[in-house]
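Written out below as structure tokens is the structure these notes cover.
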Amino acid sequence: MTPDGAARVHASHELPATPPPAQTVEARAGKIPIATISLCGCWGCTLSILDLDERIIPLLDAVTITRSSLTDIKRISGRCAVGFVEGGVANEENIETLEHFREHCDVLISVGACSIWGGIPSLRNTVGLAACLREAYLDSPTRVPGSPPIIPRHEEIPRLTTTVRPCHEVVHMDYFISGCPPDGDAVFSVLSDLAAGRPVNLPTAITRFD
Amino acid sequence: MTIQLTIDGEVVTTTEGTPLVEVAAANGTYVPTLCHHPGSPCLGTCRVCAVRVNGAIAASCSLGARDGMVVEVNTPELRDLRRTIVEMLFVEGVHNCPSCEKSGRCQLQAVALDMRLEGARFPYRYPDREAEHDAARIWLERDRCIFCQRCVEFVRDRETGKKIFSISRRGERARIELDVELADAMPPEQVAEAVDLCPVGAILAKGVGYDVPIGQRRYEAWSLRNRVLGRRPS
């Protein structure tokens with residue numbers, strides 16, 4: 001229940017769910033669980049996972065994707081070996097999610113410009129949060145004429161942080177893959193090193209900052 | 001005069017007075033640089049070329065070779081020291097590679113990639129520095145300037161020899177300035193030279209941009225390290 005007595009909206013992971021068939025559970029046993037998340041990013045880095053193309057098939061023999069926007073599972077269940085984090089930290093929900101990832105993952109990878117230094121969303125840091133909200137909601141040229149000047153605020157809407165920050169300024173991040181987004185090759189290099197238990201060695205030749 | 005010194009334990013022969021950074025490159029040891037411009041007077045501003053000479057840390061661009069010098073370049077400590085300087089440059093400005101036209105031919109980016117720079121160990125500062133758009137063919141993205149002073153010293157009015165770029169204020173308030181009148185008198189090839197001379201994306205030419213595809217840009221086609229060492233791409 002919320003403070004005003006209204007029924008709280010349930011998150012999907014709190015709803016009753018049908019357990020996966022025994023065959024699926026068996027097939028996943030022994031695989032390395034991986035979770036992915038986009039915080040304040042554009043999902044471009046997550047799409048770089050799909051840029052593995054046909055290489056994703058042998059990789060999926062070694063790993064299983066748990067919480068991810070690709071699987072639509074909303075919470076990490078159990079212990080996860082690798083967390084793939086895209087996007088910077090721009091609101092309280094991002095902080096909570098990142099801490100949830102840190103708590104449940106052995107290794108966290110900071111992927112892409114937003115996660116590493118804030119990226120495009122961090123452009124708002126030089127403008128200031130108040131000015132940003134004013135421009136977006138009050139002085140916006142696309143605001144419906146005559147509509148009340150309101151900056152949306154509700155407990156279900158995550159509160160924005162004053163500035164957008166890189167993930168490693170909030171929790172410890174173990175590895176970094178730069179790029180906006182990184183090439184599928186770079187993602188493959190790091191994931192396959194981790195899946196095979198090798199030291200991560202991302203070649204400079206496939207690394208970009210843009 | 002021909003002299004001998006050691007670089008990372010290896011004896012090398014060179015002419016006395018040659019900048020150490022160039023002696024190292026001639027003998028196959030890459031030292032990263034940002035302000036150093038071969039053939040031009042030493043600036044010594046960026047300190048990214050820090051090495052250890054006879055036990056003391058020094059900027060290898062600013063020191064001439066002397067007989068018997070013991071130079072260390074690639075120790076873990078020195079690598080970390082140079083990397084620290086580059087990390088500080090990244091957090092003090094806004095080095096937004098994804099939206100920078102200089103990306104792929106930016107020396108700071110190339111140096112950082114070669115060092116495998118990841119997240120900086122210092123908090124990002126996101127400074128707000130106003131861009132300068134007043135000149136006709138050239139503009140300044142001030143938040144990318146690393147104050148190497150290459151443009152200040154080496155880009156001058158062709159008639160009078162006057163400086164076109166300068167630095168105003170001090171410390172964290174320092175900013176790169178452009179004399180608009182002199183800038184408008186620059187011939188197009190001098191504008192291109194100034195853009196090229198800038199080791200970051202602070203000086204940019206108006207009316208052009210993103211004309212080389214990703215993968216074929218300057219340091220992608222031929223890495224900075226191989227250029228410095230004179231090794232052609234395979």
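The values are calculated or read from the model by the stated rules, or taken from the named source; none is laboratory data. Predicted model only: the values in this text are computed from it and were never measured. Glycine also receives a Cβ, built like all others from the backbone with ideal geometry; neighbour counts cover every protein chain displayed. Note: accessible area is taken over every heavy atom of the protein model, side chains too, but ligands, DNA and RNA are not part of it. Shrake-Rupley method; radii C 1.70, N 1.55, O 1.52, S 1.80 Å.
Listing for the model above:
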item: Residues being in contact with a Phe, Trp or Tyr (Cβ under 8 Å, 6 or more places away or on another chain) and closer than 17 Å to A:Cys180 by Cβ - total across region B:197-227; result: 0
item: Index of the failed condition, A:Arg165 passing every other in (1) away from chain B (no Cβ under 14 Å); (2) in contact (Cβ under 8 Å) with a residue 60 or more places away in the chain; result: (1)
item: Only listed residue being free of Cβ contacts under 8 Å to residues at least 40 places away in the same chain and either in contact with a helix residue (DSSP H, G or I) (Cβ under 8 Å, 6 or more places away or on another chain) or open to solvent by 70 Å² or more (accessible area, probe 1.4 Å) (or both), chosen from B:Val152, B:Val208; result: B:Val208
item: Given (1) of a type in the set (Lys, Arg); (2) open to solvent by 40 Å² or more (accessible area, probe 1.4 Å); (3) out of contact with any Pro (no Cβ under 8 Å at 6 or more places or on another chain); (4) at negative phi, number of the condition B:Arg217 does not satisfy; result: (2)
item: Any hit, region B:79-97, residues being touching a residue at least 12 places away in the same chain (Cβ under 8 Å), under 19 Å from B:Arg217 (Cβ atoms) and away from every other protein chain (no Cβ under 11 Å); result: no
item: Single match in A:Ile116, A:Ile120 (criterion: open to solvent by 20 Å² or more (accessible area, probe 1.4 Å), within 11 Å of chain B (Cβ to nearest Cβ) and within 20 Å of A:Thr207 (Cα to Cα)); result: A:Ile120
item: Search result, residues across region B:103-134 that are crowded, with 19+ Cβ neighbours inside 10 Å, in contact with an Asp or Glu (Cβ under 6 Å, 6 or more places away or on another chain) and more than 8 Å from every other protein chain (Cβ to nearest Cβ); result: B:Arg129
item: Lone qualifier among A:Leu191, A:Leu138 - being more than 9 Å from every other protein chain (Cβ to nearest Cβ), over 21 Å from A:Leu202 (Cβ atoms) and of a type in the set (A, V, I, L, M); result: A:Leu138
item: Flag for B:Val180 being touching a Phe, Trp or Tyr at 6+ places or on another chain (Cβ under 8 Å), among the hydrophobic types (A, V, I, L, M, F, W, C) and away from every other protein chain (no Cβ under 14 Å); result: no
item: Residue that is nearest to A:Leu15 (Cα to Cα), among those in region A:57-78 that are among the hydrophobic types (A, V, I, L, M, F, W, C) and in a strand (DSSP E or B); result: A:Ile73
item: Long-range neighbours under 6 Å by Cβ, at least six apart or interchain, first residue open to solvent by less than 80 Å² (accessible area, probe 1.4 Å) within region A:138-160, second assigned to a loop (DSSP other than H, G, I, E, B) and not charged (D, E, K, R); result: A:Leu138/A:Pro149
